[in-house]
Amino acid sequence: MNSVSVDEICLLSHLKCPECGTEYNASIINTVCTNPDCRSTLYACYDLHNGLSKDILIGRPANMWRYKELLPVIDEKNIVTLGEGFTPIIPIENLKNFTTGNQVFWKDESGNPTGSFKARGISAAVSKAKELGINILAIPTAGNAGGALAAYAARAGIKAVVYMPRLTPKVFKDECLLYGAQVVEIDGSISDCGKLINEHASLNNWFQLSTLKEPYRLEGKKTMGFEIAEQFNWKLPDMILYPTGGGTGLLGIWKAFDEMEQLGWIDNNRPRMISVQSASCDGIVKAFHAGKTESDFTDGGFTIANGLRVPKPYADKLILKVLRESNGDAISITDNEMNSAIKELARNEGMLIAPEGAALWQAFKQLKATNRIQPGETVLLINTGSGYKYLENIEIG
């Protein structure tokens, strides 16, 4: 078998629909599966039978592009980066009374450019858009994705148009404006933003970066999975808790595990994936426990975790499939519980995490109290962003 040169970049071969199996040419612009009975997210596929060794990572920069062969940019000069990725793994230090018998860690995404994990997906998507010659990008956002797009589009010299709910904290709007994006505020949820931007995009010839309605944000998010494996010395945790709005990161992490297993970088032992949602918007939780293969539209209104207010994720079928394949679970958390967790973690661990991340701490405690975490198991919680951007939503006292 021929080995791959360290200097060779991108093993991307084609795009494929994970639901109906239709394949697409990755060298042209694509959105979702064109099969009218499917319309699924498309997955990027790579040549994984080429002898690519994880030794290529030795000495590479500590950012997500260290995995460049398994990311979708063909020509390295099109990479648009601000240093995103390779975020730290931080152990629970002072709240060990809740973690007795288990090793519990945070993967803290708050140090990414623009303060959240959205930087990963947007870096990959904007890089590929640049490579494909796209010059106007539009996105519906609950906050963090809009700020990330505004920043990376500015870096790439591409125009950004951002639609966000009017109830989004002001800091998210201000950062988009500072980066030079066009910001449109909408009365309603991210779903309402998505419907409107869909109409306006076709009229104005904008390319949409809506969650899982194009193939490449998923590719940036999957680098969390590569990093988790590398940072845990190629032995995955027993359980991963993930805050689920659109679910791109959960699907991306699972995709990364599959790719690494095919490459021989890890074995077939996978973590149980736990989806955590806001109690006001918990369609995945309800569908999972009802044994359904897709979720119903569920929107109970405002939640302090802006990123969890996604009434019906576009890839709900794929999310539910991963939860079941991994023997996982799904849990909903109230705003009051999130607010309590934010303060508990800040005052005991010195971490000011996003409400979405705080929901995971409460979910962990529930799982532990009901013996759904076994003694000796390693648990990873993924904090998706910085709590500093949510101060407007958080009760401080």
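The values are calculated or read from the model by the stated rules, or taken from the named source; none is laboratory data. Bear in mind the structure is a predicted one, so any value in this text is a computation, not a measurement. Glycine also receives a Cβ, built like all others from the backbone with ideal geometry; neighbour counts cover every protein chain displayed. These area figures cover heavy atoms from the full protein model, side chains too; ligands, DNA and RNA do not enter into them. Shrake-Rupley method; radii C 1.70, N 1.55, O 1.52, S 1.80 Å.
The table below gives the values:
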| read-out | value |
| --- | --- |
| SER340 vs. criteria hydroxyl-bearing (Ser, Thr, Tyr), part of a helix (DSSP H, G or I), farther than 16 Å from THR384 by Cα and at pLDDT 95 or above | yes |
| Matching entry among GLU349, GLU395 (being open to solvent by less than 60 Å² (accessible area, probe 1.4 Å), of a type in the set (D, E, K, R) and more than 13 Å from MET239 (Cβ to Cβ)) | GLU349 |
| Qualifying residue in the range 224-234 (condition: buried (at least 24 other Cβ atoms within 10 Å of the Cβ), more than 23 Å from GLU294 (Cα to Cα) and touching a Pro at 6+ places or on another chain (Cβ under 6 Å)) | no |
| Scope the range 55-78; condition acidic (Asp, Glu) and in contact (Cβ under 8 Å) with a residue 24 or more places away in the chain; matching residues | GLU69, ASP75, GLU76 |
| Number of the exception - ALA358 against (1) free of Cβ contacts under 8 Å to residues at least 60 places away in the same chain; (2) outside any helix (DSSP H, G or I); (3) open to solvent by less than 40 Å² (accessible area, probe 1.4 Å); (4) not β-branched (Val, Ile, Thr) | (2) |
| Of residues in the range 78-120 being out of contact with any strand residue (DSSP E or B) (no Cβ under 7 Å at 6 or more places or on another chain) and of a type in the set (Phe, Trp, Tyr), the one nearest to TYR179 (Cα to Cα) | PHE86 |
| Enumerated strands (runs of 3 or more DSSP E) restricted to the range 31-134, each holding at least 3 residues that are closer than 22 Å to THR244 by Cβ | 103-108 |
| Some residue of the range 201-208 being farther than 22 Å from LEU48 by Cα and in a loop (DSSP other than H, G, I, E, B) | yes |
| Counted residues, the range 13-30 - those being more than 23 Å from the chain's Cα centre (by Cα) and not in a strand (DSSP E or B) | 6 |
| Restricting the range 196-211 to residues that are of a type in the set (Gly, Ala, Ser) and open to solvent by less than 40 Å² (accessible area, probe 1.4 Å), the residue that is modelled with the lowest pLDDT | ALA201 |
| Members of the range 299-315 found to be in contact with an Asp or Glu (Cβ under 7 Å, 6 or more places away or on another chain), of a type outside the set (A, V, I, L, M) and open to solvent by less than 10 Å² (accessible area, probe 1.4 Å), listed by number | THR303, PRO311 |
| Residue among ARG372, ARG347, ARG324, ARG309 that alone is closer than 17 Å to ALA145 by Cα and of a type in the set (D, E, K, R) | ARG309 |
| Residues that are more than 22 Å from LYS173 (Cβ to Cβ), in contact (Cβ under 8 Å) with a residue 24 or more places away in the chain, open to solvent by 10 Å² or more (accessible area, probe 1.4 Å) and not polar (S, T, N, Q), drawn from the range 113-143 | LYS130, GLU131, LEU132, ILE134 |
| Residue match in the range 154-169 (condition: surrounded by 24 or more Cβ atoms within 10 Å (Cβ to Cβ) and part of a helix (DSSP H, G or I)) | no |
| Subset tally (residues that are part of a helix (DSSP H, G or I), of a type in the set (A, V, I, L, M, F, W, C) and over 12 Å from ALA142 (Cα atoms)) for the range 177-200 | 4 |
| Matching residues in the range 31-62 - criterion: being under 24 Å from the mean Cα position of the chain (by Cα) and of a type in the set (A, V, I, L, M, F, W, C) | VAL32, CYS33, CYS38, LEU42, ALA44, CYS45, LEU48, LEU57, ALA62 |
